Amino acid sequence: MNQKAINSFIYKWRYAIGYTVLVIIFAVAIALAGLYAPGGLTQSEINTLAITNSLSKDSVNLVNIPFHGLQLLVLKLLGVSVLTIKIPAMIFAIASIVAIFFLLKRWFKPNITILSMLIMATTSQLIFLAQSATPQILYVLYSAIIIVFSSLILQKAQRPLLWKILLAVSVGISLYTPFFIYINTCLFIAALIHPRTRYHILRKSQRINWLIALCAFALVVAPIVYVSLSNIDVISQLIGLNHLNSFDPLGSIKTLFQTYFWASPILVNDQIAPIFDFASVFIIILGGITLFMNRYTARSYVITAWLIITLPILLINPGYVAVIMVPLFILLT
């Protein structure tokens with residue numbers, strides 16, 4: 001009798017148990033990677049730490065301020081060590097995997113979601129980003145939460161005003177991170193092009209809600225707008241002009257090939273390459289074919305727009321691999 005009750009409980013909560021186990025596995029994996037990664041801190045992590053330390057000394061650099069602010073708080077509370085330097089990235093990584101879970105749960109069946117999450121949680125590149133003390137993980141987090149809140153709005157979830165405000169706040173915070181101004185603009189254009197999303201954005205019954213969300217967006221972006229108007233270097237970082245001086249098209253293409261299609265594992269720009277194995281790349285290509293076959297859906301518009309805008313970003317700086325990870329995970333699913 002007890003065995004039947006246990007089996008019934010496990011069957012009823014199988015997906016919740018599976019999701020929880022995956023999050024625990026991911027958290028343990030990134031903690032171990034952060035503690036035992038050979039070579040100590042990379043040059044990118046050292047540069048990030050220098051920016052964080054400057055926050056408490058002189059002028060405040062608002063670029064990637066959520067990451068630097070959390071890192072500064074952790075260092076002041078827990079002291080300086082390799083682990084505390086990496087803790088902010090780990091926190092944002094766990095938040096990212098939870099956001100991706102909610103995204104896939106709304107878009108796909110539970111059994112497909114859990115299999116996809118298993119692949120994601122054990123992807124070497126995601127684990128590498130999760131323990132890397134750089135703001136790269138913000139690209140994964142912002143990508144996931146922006147699409148999640150957009151999906152909740154389009155699928156007419158309860159409390160629509162809340163999701164609109166959270167979407168506006170998420171978009172606003174993402175503008176503190178380089179290149180996201182292009183991603184958000186491209187997604188907005190795609191939303192206006194698709195009939196269903198355009199209708200939802202422009203219909204009269206939603207105008208008050210969107211106006212409130214717009215006010216929340218204005219409050220969030222006001223500091224970065226003010227700083228940008230008085231500091232040209234901030235604008236240069238946010239729109240990527242600082243990368244154009246070292247822009248090497250042929251070198252970028254070579255790096256992208258190594259990052260996504262190289263046969264054996266190598267280190268490219270302090271990051272593990274290739275991102276996915278050949279089996280995963282093949283599944284992603286099949287996902288792209290499926291996306292094309294269902295190209296008239298709103299989600300296809302979103303993913304296509306995201307892929308289109310990330311290609312020039314990756315050409316300018318192939319090191320921003322995190323900017324395309326969520327779209328690739330969705331294609332994999």
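The values are calculated or read from the model by the stated rules, or taken from the named source; none is laboratory data. Quick caveat, the model's predicted, so the values are computed rather than measured. Positions of Cβ are generated from backbone atoms using ideal geometry, with glycine treated the same way; all protein chains shown enter the neighbour counts. Remember, those area values only see protein heavy atoms, side chains included, never the ligands or the DNA or RNA. Shrake-Rupley method; radii C 1.70, N 1.55, O 1.52, S 1.80 Å.
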Which of the numbered conditions does Pro135 fail, given that it passes all the others? Conditions: (1) closer than 26 Å to Ile313 by Cβ; (2) part of a helix (DSSP H, G or I); (3) at pLDDT 80 or above.
(2)
Output for region 179-232, where each listed residue is open to solvent by 20 Å² or more (accessible area, probe 1.4 Å), within 26 Å of Pro135 (Cβ to Cβ) and among the hydroxyl-bearing types (Ser, Thr, Tyr):
Tyr182, Thr185, Tyr226, Ser230
So which helices (runs of 4 or more DSSP H) are wholly in region 273-333 and hold at least 2 residues that are open to solvent by 40 Å² or more (accessible area, probe 1.4 Å), farther than 27 Å from Leu241 by Cβ and aromatic (Phe, Trp, Tyr)?
278-293
Members of region 153-175 that are open to solvent by 20 Å² or more (accessible area, probe 1.4 Å), more than 30 Å from Asn231 (Cα to Cα), without any contact (Cβ under 8 Å) to a residue 60 or more places away in the chain and part of a helix (DSSP H, G or I)
Pro160, Leu161, Leu162, Trp163
Taking only pairs six or more apart or across chains, which ones have beta-carbon atoms under 9 Å, a first residue in region 193-212 that is closer than 14 Å to Gln155 by Cα, and a second residue that is among the hydroxyl-bearing types (Ser, Thr, Tyr)?
Arg196/Thr297; Thr197/Ser150; Thr197/Tyr301
Conditions (1) surrounded by 15 or more Cβ atoms within 10 Å (Cβ to Cβ); (2) more than 30 Å from Ile239 (Cβ to Cβ); (3) at pLDDT 80 or above -> Phe108 fails only (3)
Just checking, how many residues over region 183-236 are of a type in the set (Phe, Trp, Tyr) and in contact with a helix residue (DSSP H, G or I) (Cβ under 8 Å, 6 or more places away or on another chain)?
2
Of (1) within 28 Å of Asn53 (Cα to Cα); (2) free of Cβ contacts under 8 Å to residues at least 24 places away in the same chain, Leu115 fails just (1)
Among the residues of region 53-84, how many are surrounded by 21 or more Cβ atoms within 10 Å (Cβ to Cβ) and farther than 20 Å from Asp233 by Cβ?
1
Considering region 93-103, residues that are touching a Phe, Trp or Tyr at 6+ places or on another chain (Cβ under 8 Å) and surrounded by fewer than 22 Cβ atoms within 10 Å (Cβ to Cβ), and then whichever is farthest from Gln155 (Cα to Cα), we arrive at Ile94
When both residues are 6+ apart or on different chains and their Cβ atoms are under 9 Å apart, which pairs have a first residue that lies in region 93-109 and is over 21 Å from Gln136 (Cβ atoms), and a second that is among the aliphatic types (A, V, I, L, M) and surrounded by fewer than 17 Cβ atoms within 10 Å (Cβ to Cβ)?
Leu104/Ile112; Arg106/Ala157
Elements of type helices (runs of 4 or more DSSP H) in region 176-230, at least 1 residues being closer than 14 Å to Ile309 by Cβ and not aliphatic (A, V, I, L, M)
180-193
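Looking at the structure I just gave you, is Ile173 among the β-branched types (Val, Ile, Thr), modelled with pLDDT of 75 or more and closer than 30 Å to Gln43 by Cβ?
yes
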